[in-house]
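Data first, discussion second: the structure below is written as structure tokens.
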Amino acid sequence: MTDPTMSPSAASPGALHWNEEDVRGFGMAVGGPGKVLRPTTTEQVADALADVRARGGNVALRGAGCSYGDAATNRGSYVLDLSAMNKILDFDPATGLATVEPGVTVRDLWRKAITFGYWPKVVSGTAAVSMGGAAAMNIHGKNNYALGPFGECVKSFDLMTARGELVHVTAESDPDLFHAAISGFGMLGCMTKLQIQTKRVHSGRLRVWGIVARDLAHNLQILEDLRGTADYLVSWVDLHAKGKGLGRGLMHRAEQLQPGEDPEGVRFYEPALQDVPTTMFGVVPKGWLWPGMWCALHLGQVGLVNALKFRAGHLEERGSPYLQTHGAFHFLLDYVPRWQWMTRPGGLIQFQPFVPMAESERVLRTIIERCQKAGHVPYLGVLKRHRPDAFLMTHAVDGVSMAMDFAVSRNEARRQELWKLCQELAEVVLEAGGRFYYAKDAVLLASSFARVHGDEAVGRFRALKAKWDPDRLLQTDLSRRMGV
Ligand SMILES: Cc1cc2nc3c(=O)[nH]c(=O)nc-3n(C[C@H](O)[C@H](O)[C@H](O)COP(=O)(O)OP(=O)(O)OC[C@H]3O[C@@H](n4cnc5c(N)ncnc54)[C@H](O)[C@@H]3O)c2cc1C
């Protein structure tokens, strides 16, 4: 494969070499061939956009490619991959303010921040996500109900527009553009530099509780009871459990430690002590674990694995609270490298409805029951609490979300059946005033776009798109699917 990283001196528009690659979502189930370029400077971003303009094409922006579906894919067209713009330009130890290029990952940021006793305010379940992708999707963490989304810790960003102008944007300088580019899934321009506020921590560890949730109602009740005091809340849900145990799971609650509470805590500012270990029992590389998971999935043993995990939850509850590093608590999904390969060959899709609190039990119960009845039971369910935010294409509600991972069959009829099921479930959610999150979507129909955001927000977003990208240079498979 030739190196698609651009050389320092760009060629004239229309003459750059874009590398043919298979560009897929994290779940591998959607995507396809794309022509890829990896700029290393802002000037090269401008050259690349000019190149696509000159060719009369369209281009998708891509960070680390961690969106599960088609948010950063562009079948048959151009893909500008920002992962090689990965320098932390500045980190102020007095304030915790980081200035970064867009390809800097959550992992790069926390490794820098923790050395000075800071931690990113909002992190995703994997540390592989880039800052540009995090802002464009306005990601949420396990503390969304308390600290809001990623966009609320972005102080400013530089946006390269489709026409090649570089605009410095803050919430004060251009509130409309600020609140739309963040959450605007890469439709309004390419972020080439961001300033991100991190938060002070007084230990490299958190105090963590495992709490067994008997059923769905209990799971939701724990979220309600603890959201006023807990720093982080997230629940694993056993989506195979039926009857009285439907919606049961294991909640994790975590609290930051106060100054002096953990005398050993500063030792864990050392990044190597935060990192998720790469071996099990010090010998077995975790990269070898996914084939075992593949067997469990393909031999139909997920229900059994979940039942065992639920039982193990009782042990964890008895041993709670315990101390855990920030890295180990947040990046559970990074414990097993390439875990998504267990869903090969069909891959996976994630479906994450956001439901207002008052409707949450009814809607989530309906969803779980319908999945079980249809024989498409997600192998993983994750429940979180959210609160609304001021970003234009927000996915948040005053309520909960349940992320569900479905393995996709290679059998076309089964695949179509899964898509249809998810579209029917989406109806239930939208009728209840719920929303969806494009980082986790592969199935929504264009007719849902205005229903997710409301006519007024969609009208404002389309007007901003027409202003900043009148020729619709920036496109993705997702944007075409949603009719943006
Ligand atoms: C294992 C796993 C766990 C996850 N956990 C969470 C979670 O807990 N919470 C959560 O909210 N999400 C979560 N996600 C989803 C993930 O955080 C989002 O999909 C995020 O946007 C991925 O960032 P990325 O750098 O990979 O961007 P990509 O997926 O490559 O792109 C995402 C979007 O950002 C746009 N974009 C990328 N770079 C730029 C740029 N420089 N300027 C403008 N637009 C740009 C793209 O066009 C695209 O629309 C998880 C994903 C995985 C795989």
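Quick notes on this one:
- The residues on offer are 192, 161, and the sole one that is within 13 Å of the ligand (Cβ to nearest atom), closer than 29 Å to residue 53 by Cα, under 20 Å from the mean Cα position of the chain (by Cα) and of a type in the set (Val, Ile, Thr) is 192.
- Any hit, segment 65-77, residues being under 15 Å from the mean Cα position of the chain (by Cα), near the ligand (Cβ under 9 Å from one of its atoms), assigned to a strand (DSSP E or B) and of a type in the set (Ser, Thr, Tyr): no
- Only one of the listed residues (214, 205, 248) is over 17 Å from residue 322 (Cβ atoms), charged (D, E, K, R) and surrounded by 19 or more Cβ atoms within 10 Å (Cβ to Cβ). That residue is 248.
- The one condition from (1) without any contact (Cβ under 8 Å) to a residue 12 or more places away in the chain; (2) touching a Cys at 6+ places or on another chain (Cβ under 9 Å) that residue 439 does not meet is (1).
- Neighbours by Cβ (under 6 Å, 6+ apart or cross-chain): first from segment 62-85, more than 12 Å from residue 476 (Cβ to Cβ) and without any contact (Cβ under 8 Å) to a residue 12 or more places away in the chain; second more than 9 Å from the ligand (Cβ to nearest atom) and assigned to a strand (DSSP E or B): none
- With a requirement of 1 or more residues that are away from the ligand (no atom under 16 Å from the Cβ) and surrounded by fewer than 14 Cβ atoms within 10 Å (Cβ to Cβ), the helices (runs of 4 or more DSSP H) lying completely within segment 370-484 that satisfy it span 412-431, 455-468.
- Picking from residues in segment 78-111 that are farther than 28 Å from residue 21 by Cα and of a type in the set (Gly, Ala, Ser), the one that is nearest to the ligand (Cβ to nearest atom) is 98.
Matching residues to (1) farther than 20 Å from residue 231 by Cα; (2) touching a residue at least 12 places away in the same chain (Cβ under 8 Å); (3) within 13 Å of the ligand (Cβ to nearest atom):
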site	(1), (2), (3)
113	no, yes, no
119	no, yes, no
122	no, yes, yes
134	yes, yes, yes
137	yes, yes, yes
141	no, yes, yes
149	no, yes, yes
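- Looking only at residues in segment 265-314 that are in contact (Cβ under 8 Å) with a residue 60 or more places away in the chain and of a type in the set (D, E, K, R), the one that is nearest to residue 379 (Cα to Cα) is 309.
The numbers here are math on the coordinates, done by the rules we state, and not lab data. Just so it is clear, the model here is predicted, and its values are computed rather than measured. So basically every Cβ, Gly included, is an ideal-geometry build from the backbone, and we count neighbours across all protein chains shown.
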